[in-house]
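K.L.:
The structure that follows is given in the form of structure tokens.
The values are calculated or read from the model by the stated rules, or taken from the named source; none is laboratory data. Owing to the predicted nature of the structure, the values given are computational and were not obtained by experimental measurement. Neighbour counts run over all protein chains shown; Cβ positions are idealised from the backbone, glycine included.
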Amino acid sequence: MSSIMSVLQSAYSASSSTSSLISPGDKFSKVDPTKYQGTWTGTDYKHQPVTVSITKVQGYRANVTLQTSAGLQYQQAFITTKGTFRIGDSQFALTGTGAAKITTIVTDPTTGNQTADTTPIKLQT
């Protein structure tokens, strides 16, 4: 019985550390919803449209939908005091009033090499 528990514990520890949406040391406090809430748009490195929809910003939480050429992702995000949050394999970072960037990690299927592609996005009014 103890060997089953140790296997489960090690599997849980391994999976929770690699898929964490919160980096160690991140801090959270209430954010101004007007800086985040709305529809953000831009064009990625493949010249495809990127849309981020941020709704229901309360405290440091928000509902986020990310639409890219790779598909649609939706989740509840936790906004850090640095103005960043993760959604899937991408990170949103507020860079100024009505301006942000989405950084996505892209893995080359033939070599396995990973690169970070950054897409500037703007808040639509």
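K.L.:
Test residue 118 against the stated conditions and say whether it is within 28 Å of residue 27 (Cβ to Cβ) and not in a strand (DSSP E or B).
P.N.:
no
K.L.:
Do we find that residue 33 is under 21 Å from residue 84 (Cα atoms) and at pLDDT below 90 in this structure? If you could, list the steps in order and put the result at the bottom.
P.N.:
Values: under 21 Å from residue 84 (Cα atoms): yes; at pLDDT below 90: no.
No: the conditions fail for residue 33.
K.L.:
Mind listing just one residue for me: the one in the range 39-52 that is more than 16 Å from the chain's Cα centre (by Cα) and in a strand (DSSP E or B) and, of those, nearest to residue 100 (Cα to Cα)?
P.N.:
Filtering first and then ranking leaves 43.
K.L.:
Output the number of residues of the range 66-86 satisfying the condition of being surrounded by 19 or more Cβ atoms within 10 Å (Cβ to Cβ) and in a strand (DSSP E or B). I'd like the intermediate steps shown before the answer.
P.N.:
Taking the range 66-86 and keeping what is surrounded by 19 or more Cβ atoms within 10 Å (Cβ to Cβ), we get 66, 68, 77, 79-80, 85-86.
In the following step, the residues that additionally are in a strand (DSSP E or B) were identified as 66, 68, 77, 85-86.
Qualifying residue count for the region: 5.
K.L.:
From (1) over 18 Å from residue 39 (Cβ atoms); (2) out of contact with any Ser or Thr (no Cβ under 9 Å at 6 or more places or on another chain), pick out the condition that doesn't hold for residue 116.
P.N.:
The single condition residue 116 does not satisfy is (2).
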